[in-house]
Each structure stands twice: as C-alpha cells, then as structure tokens.
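Asks: I'd like to ask you about the structure that follows.
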Amino acid sequence: MSTAISSGMLHPAPDTRRLLIKWIVALLVPVIVFTLWSGESIINAVISPATASGDVPSDPISLIEAAVFTAAFYVAVLLLAGYLVAADSGRRGTIELWLDVLIFALVPLIFVILFGLIIGLALCAVVWPAYFYGRSLVRKARHYEPPPPLESLKVMNDEQRAALMSRASAGGLWFGIAFAAVSLIVDLVYFFTGTLPVILLIWAIVRTLILPVAGYFLGRLAGVIALRRALPQSENGNGGNGVGRGRDRLSRRQQLEVLSTTRAREEAQDLVPNDLPLRSSGAQRFYLILLLAFVLFYPVLDPFLFGSGTDGRLDGFGNAGYYVILALGLNIVVGFAGLLDLGYVAFFAIGSYAWGMVGSTQFGLLTGIHVNPQLWPWFFWPMLLGAALIAAFFGVLLGAPTLRLRGDYLAIVTLGFGEIVPVIFLELDKYTNGINGIVGVYSPALPGVDWTSSTPYYYLILALIAFVIFANIRLRDSRLGRAWIAIREDEVAAASSGVNLVNTKLFAFAAGAFFSGIAGAFHTAKLGSVSPDSFGFGDSVIYLAMVVIGGIGSIPGVIVGALAVYAVNEFILAQLDSLAAVPGSVLFTIHNGITHVIPGFTFGNIRNLVFGIILVVIMIFRPEGLIPSARRRRELHHAEEEGLGGDALDVAPGAPGFETEVRVE
C-alpha cells in the first residue's frame, strides 16, 4: 500500500498534475514574496536572535509569539494547498485563476510592502474595481456565460473519495516540496555570499526535510475537510439506504435543483467539487486562521513588517477599533431592524461621559467621595458595563416616543436627539466642565500591564470587538433577530404575524446603544479626556456611512466599512497632506496647483467631499455594499432564473428555514 501511495504521489495522473501546477504556482508566488519580505527575517530572529536587527523585538515572549504566527501561517498555507487541489472541479481556466491571484493576493502584498498597510490597501481599493470592470467588459465581448452551478456536483463512490484524498495529499506534499526547494536555493545563495550564518543554513536543511512530510499529512487533513463538504454516497438514490430515505426527505442535490440559479450557485459554492474553491466556506476557514493569527500577533509582527513607529500605528488601530464597535451597534438598528437612526452619536457621547464623570477627579467634586487614585482605575471594568447599560437606558428612552414613526419621521426625531445630547453636556458646566470638557480621566488597571503604551489598548479593543461580534451573531440568529428582520422587510406583515413591535423596536434601540456605550467608555479611557465638541451630527453621518458602505445588515461588511471609513478619515487624507509637503513628489505639484486657485487648501478639508463621492459611487455601482449579506445581494441583483423560473425558491425543501420561505407555520 505504501508503494502505491508513494507512486501515486510522485507520478500523479494527468488531471491531478494539471491541478497541482495550477494551484501550486498560484499559492507559491505570493508565499515566496511574503517570505522574502519578512517571513524569513521572522524565522531567522526566532532561531538566531543575535542576527536580528536592533529595531525588532528580541525578548523571549515576543520571539515565541513570532514563532507561533510563522507556524500558523505555513500550516494554514499547506492545508489550503491540499484543500484547493482536492476541491477544484477543474472547469475553471488556469490563466484566469492566476490572474485573480495576481490581482487579489500579489498586488496587495506588493502595495503593502511599498506603501505601508493603509495606503497599500487604499490603492487596492482603486485597482480592484478597475479589474472587475475590465473583466466584465471582456466577458461581455466574449459572450461568456458561467457554467451551471450543479454540473460539477456528483455523488462520490468509495473510489472517487479515495481519489479526492489522494489529490489533497499530493497538493500538500508537492507544495511543501516546491516551497522547500525554492527556499533552500535562496538560502544557499545567501550562504555562499557570506550573509547567512551556519546555524541558519542548518535550519534551512532541516526545514527542507520537514516541509514535504508536513505537507503530506496536512494535505490528508485538508482532504478530510473537503470530504465533509462532498455529497454523501447515501444520497445517490440508486441503492443502499438512499432509496428508503429518499421517501422521507429530499437529497442534497434534489434540494439544490429546485432553487433559483443565484441561490443554487451560493449553495453549490460550499460543496466539493466546485468551480471556485477559493470562495468556498472551507477555504474561508483557512483565511480566517491567517487573519486571526495576523491580528492577534500584530504588535510583535509590526516591527518586522514595517520597521519603527509601531506604537503610533497600534494607537491608530486602537482608535479604528471603536469605529468597528460603533458600526456593529448601528448595524443592529439600521441593518437588522431597518430603523433609520441619525442621532447615534448621542449614545457614544453618553458612554464617554459616563466613564469621564466617574473615572476622574470630577466624581469627587460632584459627590464629595474621594478614592485612592491607585484604586480608582480598577473601577473601569465594572463601569465598562455600567456605561453600556446607561447608554442602553437612554436608547429605550429614545425608542419609546418613536414607536409609531417610520422612515423620514423617525430619522428627524433621532437627528434631534443626537443634537440635544451634546448641547446638554455642553451646558451642564457644574457636572461636565462645559466646553472645556473633563480631563485627567483614568486609564484602566490590570496587574503587570503598562497602560502608557498602545499595546494594551490594542488587545483590549480586540477583546471588545470579539465580544461585540459574538453578541451580534447570536442576536442575528435568535428569535429576536428574526423579528428585527421581519420588521425591516414589512412592519405590517410582521405585526400581523404576531411580532411585538413595541418590545422588538425597543430592544433594537437598546442593543445598539449598549454597544455604543462600550465604545464611548473605551474611547474616553484611552484618550484620557472627553469634550462635547467630539460629538456632532457629522459623526453620526460618518457612522451611518460605515454601515452603508460595508453592507447594511452584514456583520463582516460593516467591519470592513468601519475600517475603510476610518482609514480615509484618519490615515489616507492625513498622509496625503504629509506627502504633499515633500518637494518633488507628484502630490506636491498637484497641491501647489490647487492652492493657486484655492488658497489654504488641504486634503483634510475635503473629507466630506470624499465621503460624498464614495457614497455616490457605491450607491450607483454597488448599492448592496462592499460585503453584502446574501439576502441583500439577492434582493438587489436579480439574475436570470432557471428550472422553476420566477417561482424558484431561495431555500431548499427540507433545509432549515424552508418553512419560513414558503410561509408555512
């Protein structure tokens, strides 16, 4: 058996060989670029800290974290290689795939290397739409029609399942061999030029031996994952237990056949084999591993990737974090429940002032209670919940008088609330110090943590974002979340179906305000002060723009929308001003030309113009947002349906939610 396996691995069949070339090249090029950029330096610093440059961390904990990230990265890539080779139906062209990998993986990586993380991703936001537009023109000229989504799906027998496992093992093995060979050649070049120590050469040889073995076993694991997404053999309906069970429930393929074309394509995309395995849920699991590892270990990785200035970048990402929380909270009100809220900044202000008044000397002035300053920062943790509950209470107060309002009328009332709250904080001089605000707000306290740096705030906001995402997902999938969606789709129909409009709407306002209060308490603790001029109507518009740009009702979408808005607002335009001040740059010439016409012009002054242009462009070309929810995408893009025509279903018979789709009680 071992001889047969090794023979199949070393001399694969022609179809498998084409898949191996297709995917190994597609994955190997970006991985090699990353390795030559920073991956190799991270590994070298872990193995031989003495050879690392002085601006990278060299303490044991940081090196362990860097080693864990490096291991997670290459393990995920090896798993991905095996999975993609196994899951690919082979119907998509190799050149088309390589072009997609070039645009969506290699180009962003090169931009990030050359221009930094934020500017690099911003340039990608220009390149990607241009690529989509050009590809659509080419497909129109060639009269391209995507193949039917169910053609590649088939029930696998034992021999076919074994072949899939063999392809997965071959994918992991050959990617490991290819990557090990290229890395060894590069290391030998460095060694013979005298820039690679002997200890690192020994590691290169050991790595060359380990990678193929690890690739084989990780490929087999990827094959197991792929098999879980294949149509089970019992659903064939031509023998065995499939016939008996077919009378009680439809097979998976039969369920897909009665769906609309768009819905069937979405469902078939997660099954094996399929035409676009890079977009399947199985591949997305590996992307998630890479993303989580990168985000979790970013403070350690930043010096390796971008050099000095780590603390400033972490500070900016910490500020971006509360934008994400605000967007997720507003998404509950606007995205889930469909209630247009233009005064969301009021709850952010309430949460900010809640900790500002309690977590500073202002509390002693108001109550006469004076606490040891060494103990007071510990009260941040209970007040984090307290500020959220206070904001939620005011959310209910706002929601109560607006229960009978909809659309424009609701927007006007929430707009008024958003204007009133900052004015109240401005006028209550005795409690809030008026226009001067509250200063000297305590930072949080935690044993062994130095809150004077940005790293603790980075991890704190990560923990808060994780909690808010978890709560959003649970709320969305709960009975209450389904009631919110019913109200958003048709309030009259929801009421007729027994949905309690009063409680449901109040819960939406309270939940959105709750998360806004969390963001406000974090913002005040991190900034150390709070003032009423930080909460204006323009901020509410920005928060709403996050939800609209990202995708109304989509949790991943609003996260991306929040990060995009923050990047434009705080990074990109600010850096444009800095670049425009450098003589000889292109922006310097453009800036000088504009200042001759508009004296005193800065790119920061056109923030609202930029947001307006972005909103107009997205509403015209992608009204569902950057990463829309599946329901929203289907609503706004009516593809031609097959099979049952206009009556085709969006939920498969026998699948969860089918009763809701056909209105069966």
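Asks: Given Cα pairs under 8 Å that are at least 6 residues apart, what percent is the relative contact order of region 537-628? Before the final figure, lay out each step's value.
Replies: Details: 89 pairs, mean separation 34.3, N = 92.
Computed over region 537-628, the figure is 37 percent.
Asks: Next question, about the same structure. Enumerate the amide H contacts of Ser529 below 5 Å, restricted to partners 5 or more residues apart or on another chain; note that Pro and chain-start residues carry no placed amide H.
Replies: Val441
Asks: For the chain, what is the accessible area per residue in Å², given a 1.4 Å probe and the full set of protein chains?
Replies: On the way: 32500 Å² over 665 residues.
For the chain, the per-residue accessible area is 49 Å².
Asks: Given the peptides 83-96, 193-206, 448-461, arrange them by the average over their residues of other C-beta atoms within 10 Å, most packed first.
Replies: The packing order, highest mean first, is 83-96, 448-461, 193-206.
Asks: Work out which helices of the chain, taken as complete DSSP H runs, extend at least 27 Å along their axis over the Cα atoms and score a mean Kyte-Doolittle of 1.0 or more, then list them.
Replies: Values: long enough: 14-34 (30 Å, 1.38); 60-87 (40 Å, 1.97); 117-141 (36 Å, 1.19); 158-192 (51 Å, 0.96); 198-227 (43 Å, 2.04); 310-330 (30 Å, 0.48); 380-399 (28 Å, 2.08); 407-427 (31 Å, 1.41); 455-476 (31 Å, 1.35); 501-527 (39 Å, 1.07).
In the chain, the long hydrophobic H runs are 14-34, 60-87, 117-141, 198-227, 380-399, 407-427, 455-476, 501-527.
Asks: Does region 1-137 come out rounded, prolate or oblate, given a ≥ b ≥ c as the square roots of the eigenvalues of its C-alpha gyration tensor, rounded meaning a/c under 1.5 and, failing that, prolate meaning a/b above b/c? Working shown, then result.
Replies: Numbers: a/c = 3.21, a/b = 1.19, b/c = 2.71.
Note, shape of region 1-137 comes out oblate.
Asks: Also, quick follow-up: Please name which of Pro382, Gly600, Pro148 has its Cα lying farthest along the dipole of the chain towards the positive end, using unit charges on Cβ (Lys, Arg +1; Asp, Glu -1) and the Cα centre as origin.
Replies: Pro148
Asks: Right, something else. Relative contact order (percent) for the chain, with alpha-carbon contacts under 8 angstrom and 6 or more residues of separation?
Replies: Numbers: 930 pairs, mean separation 109.4, N = 665.
Taking the mean separation of contacting Cα pairs over the length of the chain, I get 16 percent.
Asks: Another one. Answer rounded, prolate or oblate for region 537-628, using the Cα gyration tensor with square roots of eigenvalues a ≥ b ≥ c: rounded when a/c is under 1.5, else prolate when a/b is larger than b/c, else oblate. Before the final figure, lay out each step's value.
Replies: Working: a/c = 2.53, a/b = 2.35, b/c = 1.07.
Since a/c reaches 1.5 and a/b is larger than b/c, the shape of region 537-628 is classed as prolate.
Asks: For a test of the definition: using alpha carbon positions, the gyration tensor, and the 1.5 limit on a/c, classify the chain as rounded, prolate or oblate.
Replies: Working: a/c = 1.82, a/b = 1.24, b/c = 1.47.
Oblate is the answer for the chain, as a/c is 1.5 or above yet b/c matches or exceeds a/b.
Asks: When the accessible area of the chain is computed with all protein chains present and a 1.4 Å probe, what percentage of it is carbon and sulfur?
Replies: Numbers: 21560 of 32500 Å².
Answer for the chain: carbon and sulfur cover 66 percent of the accessible area.
The values are calculated or read from the model by the stated rules, or taken from the named source; none is laboratory data. The structure presented is a predicted model; accordingly, all values stated were derived computationally and were not measured. Using ideal geometry, Cβ is built from the backbone for each residue, glycine included, and neighbour counts are taken over all protein chains shown. Accessible surface is based on the protein model in full, side chains and every heavy atom, while ligands, DNA and RNA are left aside. Shrake-Rupley method; radii C 1.70, N 1.55, O 1.52, S 1.80 Å.
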